[in-house]
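A.B. asks: Right, I'll just put the structure down here and ask away after.
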Amino acid sequence: MTVNELTKKQEEMIVRIKQNAENKGLSKKNPILNPIYDGVSDIAGYVLLKPKIMWILKEPYDDFTPAGKPKGGDWSLMDIDFRYGISNMHKVMMQISYAIHNNLDWKKLDYIDDNPDMITSLKQCAYINISKMPAETTSSDTHLWDCYPKWKDIILEQIKLYNPDIIIFGNTFMYLRNDLNITENDKPIYTVSGKWCSGTYQKDGVIFIDAYHPARKGGEDGSHDYVTSIVNAVKKVLNK
């Protein structure tokens, strides 16, 4: 797919996300609650890069009412430019994406705040969520199991549209596993030691990484182990 074709398809997807929220009664006027759109920020970079990486995380958040209820939305994750700082979650995602794109080991990753190459690497990934609506800062499994059927068709269409080579699941593999036809009978082709990444699967040429969420707790050591486990898992599959 060309850059122009994918750009047009992504614009159409944004309209579909908005319509889906309205049709399912998820959008509200009081307090204002609209979807937060997801996809690829740097489409030209995504089209040209190999391997193409997709992150599937849980749900975004925006603002809150005085009572602590989510509100806001109607903006795009693709517009994030990190001018106001980079969260620890995004730093971890940048390190992993940059390492995979450049075939680097952890020891060669010198993370510097506002490193333009690492920021670019994340922008050249597909970045989507299970739910597209503003939510709490933490997400329960029960809540996401309720959200997933409302967005399933959109998510599966996004996967088909962006056609990634690698999908990294941020504690979201369980929701999509059956719909991606990776059954309980499928064994991981590579089982990762440690608590941050439990297994790697490959089906129809796509690598699926069943990992914990990149905002996991664990401090600097946790970040090191998390990044290393995912990068090593990808290398293990690509080099087998």
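A.B. asks: Assuming 0.36 nm per residue, please report the length gained on full extension of the stretch ASP146 to ASN163 beyond their Cα-Cα distance.
C.D. replies: Extra length from ASP146 to ASN163 when fully extended: 3.5 nm.
A.B. asks: By how many nm would the segment from PHE64 to LEU48 lengthen if fully extended, with 0.36 nm per residue of separation less the alpha-carbon distance?
C.D. replies: Details: separation 16, 0.36 × 16 = 5.76 nm, distance 3.86 nm.
Result: 1.9 nm gained on full extension.
A.B. asks: So for the chain, taking the charge dipole from beta-carbon charges (+1 Lys/Arg, -1 Asp/Glu), which of LEU104, SER229, PHE208 sits furthest toward the positive end?
C.D. replies: Selected residue: PHE208.
A.B. asks: Helix by helix through the chain, keep the DSSP H runs that span 18 Å or more along the axis on Cα and average at least -0.5 on Kyte-Doolittle, and give those back in order. Intermediate results must be reported in sequence, preceding the final value.
C.D. replies: On the way: long enough: 3-23 (30 Å, -1.12); 88-102 (21 Å, -0.15); 141-162 (28 Å, -0.53); 219-238 (29 Å, -0.12).
Flagged H segments are 88-102, 219-238.
A.B. asks: Which value in nm describes the separation of the simple spin-label points at ASP117 and LYS28, placed 7 Å from the Cα toward the beta carbon?
C.D. replies: Each label point lies 7 Å from its Cα, and together they span 4.6 nm.
A.B. asks: Which whole-number percentage describes the relative contact order of the chain, with Cα contacts under 8 Å and a sequence gap of 6 or more? Kindly include the intermediate steps, with their values, before the conclusion.
C.D. replies: On the way: 380 pairs, mean separation 56.0, N = 240.
Relative contact order, the chain: 23 percent.
A.B. asks: Less than 15 Å from a label point 7 Å out along the Cα-to-Cβ axis of TRP75: which backbone N atoms in segment 27-62 qualify, by residue?
C.D. replies: The answer is 32-38, 60-62, whose backbone nitrogens lie closer than 15 Å to the label point.
A.B. asks: What ranking do 22-34, 160-172 get when scored by the average of other Cβ atoms within 10 Å per residue, highest first? Spell out each step's value before the answer.
C.D. replies: On the way: 22-34: 13.9, 160-172: 20.5.
Highest to lowest by the protection proxy: 160-172, 22-34.
Where a number appears in this text, it was derived from the coordinates with a stated rule and is not lab data. Every value quoted in this text rests on a predicted model; they were computed, and no experiment measured them. Reconstructed Cβ throughout: ideal geometry from the backbone, glycine too, with neighbour counts over all protein chains shown.
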